[in-house]
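Written out below as structure tokens is the structure these notes cover.
Derivation of every value follows stated rules applied to the coordinates shown; laboratory data play no part. Just so it is clear, the structure is predicted and the values come from calculations on it, not from any experiment. So basically every Cβ, Gly included, is an ideal-geometry build from the backbone, and we count neighbours across all protein chains shown.
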Amino acid sequence: MSAKASLYQNVTRQFDRAADLMGLDGEVRKILARPMNEVTVNFPAKMDDGRIEMFTGYRVQHNNVLGPFKGGLRYHPMVDIDEVRALATWMTWKSAIANIPMGGAKGGIQIDPAKYSQGELERITRRFTFALGSNIGPDYDIPAPDVNTNAQTMAWILDTYWSMMSPLERQRSLHVVTGKPVDLGGSVGRDKATGQGVIYVIEQWARDRGFDLSQATYTVQGYGNVGSWTARLMKPHGARLVAAEDHTGAIANPAGIDPDALLAYARAHRGGIAGYPQAEAVDHKVFLSTPADIFVPAALENQLTAETTPWLNVRLVAEGANGPTDPDGDRILAERGIDLLPDILCNSGGVIVSYFEWLQNKRSEFWELDEVDAKLHRIITAGYGRVAEAVKEYKVDWRTAGYIVAMARLEKVYKQRGIFP
């Protein structure tokens, strides 16, 4: 069985554990145990040389009992239906923990975007949007950026979606995607939202333990949007970045690495941190073994496993990525007394600020950055509090507690609404 299939198996194992512990209603459990809709599209796109290539894209809609389906689109060669199922399910839990009126969805295209020109990526994106058709919509299913997609990708989707609408409906559909360029209806603060959320949750963890972040050391895996923003937002606290890793390699410097200088270097060297002159190149095992207070995995799934988790030498794992720790990794972290802030809480800043953008578009409003940050802080710290209470009540780890909080909210809504007919 493929590694990506095991990712969805991990979600199922986590779901079953939490459902058993909380005594989730059996009928609600049947509903939440599988996605509501799964869409696979195979579509053509024209390459720069005139050739036609076929691509496979996915959109999985897990649950919308709380509100419209919501979730990102990723472009990656390892995208498959099982990965997207897992990601869509996690989106449902994130929205429920944050107590926002959104459901869970995810999508993507099985593609290595580095192999295509900007013009080709635009045509692929537009054809994918056309192929999805009415499977997305501003009050039905709202995509957003994810791995290897960005504000430009969302602008192409919006423009393509608009072209399929009547002129009278176009301005009413501005909120069909979030994570748009600010000039095109995007929200300020959306680019840093996931990393900002990670910081707010780490701050709560530090406050609860009397830990001084100004004396902290930390490592970051993945130096894209989430990892770089997390590192840069840790900098004002006085914390010291001592190691980083991305797809090009890993680097370390016990004296500290400047997060802003590292980002500037990565941008100047095609997005990679390898070769950064103010740090030493190290291998993957040395990187994960680097002594630090906090480790922020902000890359891809299944990075902390039975093999790699014992290498960690940290106090806290704050998950900036989705699914970076598998169940064996969770068990080892618990056995070693390493705290974990799970993805469904820790990296929910992205969906929360996406919800803000959706609201601003619906209301024809524009919020200033201080308002966005203040609202994000209030919502994500309230979610932290709910999960912390569940940890104490059920005497479980933070990931299981997050699942319990999410499923308890969904269970309540299903029982209030009933099942039609």
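Dimensions of segment 193-346 from C-alpha coordinates, computed as largest minus smallest value along each principal axis and given longest first, are 39, 32, 27 Å.
Relative to the current alpha-carbon distance between Glu307 and Ala264, full extension at 0.36 nm per residue lengthens the span by 12.2 nm. Each Cα pair under 8 Å and six or more residues apart adds its separation to the average, and for the chain the resulting relative contact order is 17 percent.
In nm², what is the average projected area of the convex hull enclosing the Cα atoms of segment 3-176?
Working: hull surface 43.0 nm².
Convex hull of Cα atoms, orientation-averaged projection: 10.8 nm².
With the Cα gyration tensor of segment 267-357 giving a ≥ b ≥ c as the square roots of its eigenvalues, does the rule (a/c under 1.5 for rounded; else a/b larger than b/c for prolate; else oblate) give rounded, prolate or oblate? If you can, show how the numbers build up before the last one.
Numbers: a/c = 2.05, a/b = 1.03, b/c = 1.99.
Verdict is oblate for segment 267-357.
Can you tell me what the convex hull of the Cα atoms of the chain projects to on average, as an area in nm²? For the chain, averaging the hull's shadow over all directions gives 20.8 nm².
Charges at C-beta only: +1 for Lys and Arg, -1 for Asp and Glu. How large is the resulting dipole of the chain about its Cα centre, in Debye rounded to 20? All intermediate terms of the calculation are to be shown ahead of the outcome.
Details: 46 positive and 50 negative charges, 186 e Å.
About 900 debye.
Taken as Cα centroids, segment 24-53 and segment 336-407 sit 26 Å apart, rounded to the nearest whole angstrom. At an R0 of 30 angstrom, the distance between the Cβ atoms of Arg170 and Asp49 translates into a FRET efficiency of 0.35. Exposure proxy for Arg417, Arg409: other Cβ atoms within 10 Å of each Cβ, ordered fewest to most, give Arg417, Arg409.
GNM remark for the chain: springs join alpha carbons under 10 Å apart, and the peak mean-square fluctuation among Ala388, Ala114, Ala298 falls on Ala114. Straight-line cross-link partners of Lys395 among the aspartates and glutamates, defined as a Cα under 18 Å from its Cα and at least 8 positions apart when in the same chain: Asp16, Asp20, Asp208, Asp330, Glu335, Asp339.
Between the alpha-carbon centres of segment 73-131 and segment 249-320 there is a gap of 25 Å. Springs between Cα atoms under 10 Å define the GNM used for the chain, and in it the highest mean-square fluctuation of Val60, Val41, Val176 occurs at Val41.
State whether segment 311-361 is rounded, prolate or oblate according to the following rule on the C-alpha gyration tensor (a ≥ b ≥ c being the square roots of its eigenvalues): a/c under 1.5 gives rounded; otherwise a/b larger than b/c gives prolate, and the remaining case gives oblate. Kindly include the intermediate steps, with their values, before the conclusion.
Working: a/c = 4.15, a/b = 3.15, b/c = 1.32.
Prolate, since a/c reaches 1.5 and a/b exceeds b/c.
Projected label points at Lys30 and Val286, each 7 Å from Cα along the beta carbon direction, are separated by 5.7 nanometres.
Ignoring everything except DSSP H segments at least 4 long, calculate the 222 nm mean residue ellipticity for the chain; use -39,500 (n - 2.57) per segment, divide by total residues, nearest 500.
Working: 15 runs with 195 residues, N = 421.
Calculated mean residue ellipticity at 222 nm is -14500 deg cm²/dmol.
Between the listed residues Leu213, Leu132, Ala239, the Cα displaced farthest toward the positive end of the dipole of the chain, a dipole computed from Cβ unit charges relative to the Cα centre, is found at Leu132.
GNM on the chain, alpha-carbon springs under 10 angstrom: the most fluctuating residue among Gly23, Gly50, Gly108 is Gly50. Evaluate E = 1/(1 + (r/R0)^6) for Gln278 and Arg417, where r is the Cβ-Cβ distance and R0 equals 45 Å; express this FRET efficiency to the nearest 0.05. Calculated value: 0.20.
Each Lys or Arg adds one and each Asp or Glu takes one away; over the other residues whose Cβ falls under 10 Å from the Cβ of Gln215, this sums to -1.
If neighbour count is taken as other Cβ atoms inside 10 Å, put Lys180, Lys46, Lys94 in order from fewest to most. Provide the component values of the computation, followed by the final result.
Working: Lys180 25, Lys46 14, Lys94 29.
Sorted ascending by nearby Cβ count, the order is Lys46, Lys180, Lys94.
Round to the nearest 0.05 the FRET efficiency obtained for Glu365 and Arg336 when R0 = 51 Å and r is the Cβ-Cβ distance. Mind showing how you got there, number by number?
Details: r = 47 Å, r/R0 = 0.92.
Once rounded, the FRET efficiency stands at 0.60.
The per residue volume of the convex hull around the alpha-carbon atoms of segment 272-421 is 185 Å³. Sorted fewest first by neighbouring Cβ atoms within 10 angstrom, Ile419, Ile380, Ile157 come out as Ile419, Ile157, Ile380.
Taking 20 Å as the straight-line reach from the Cα of Lys362, the lysines in range (excluding those fewer than 8 positions away in the same chain) are Lys70, Lys180, Lys375.
Would you tally the net charge around Glu365, using a Cβ to Cβ cut-off of less than 12 Å, leaving Glu365 out, and scoring K and R as +1, D and E as -1?
-1
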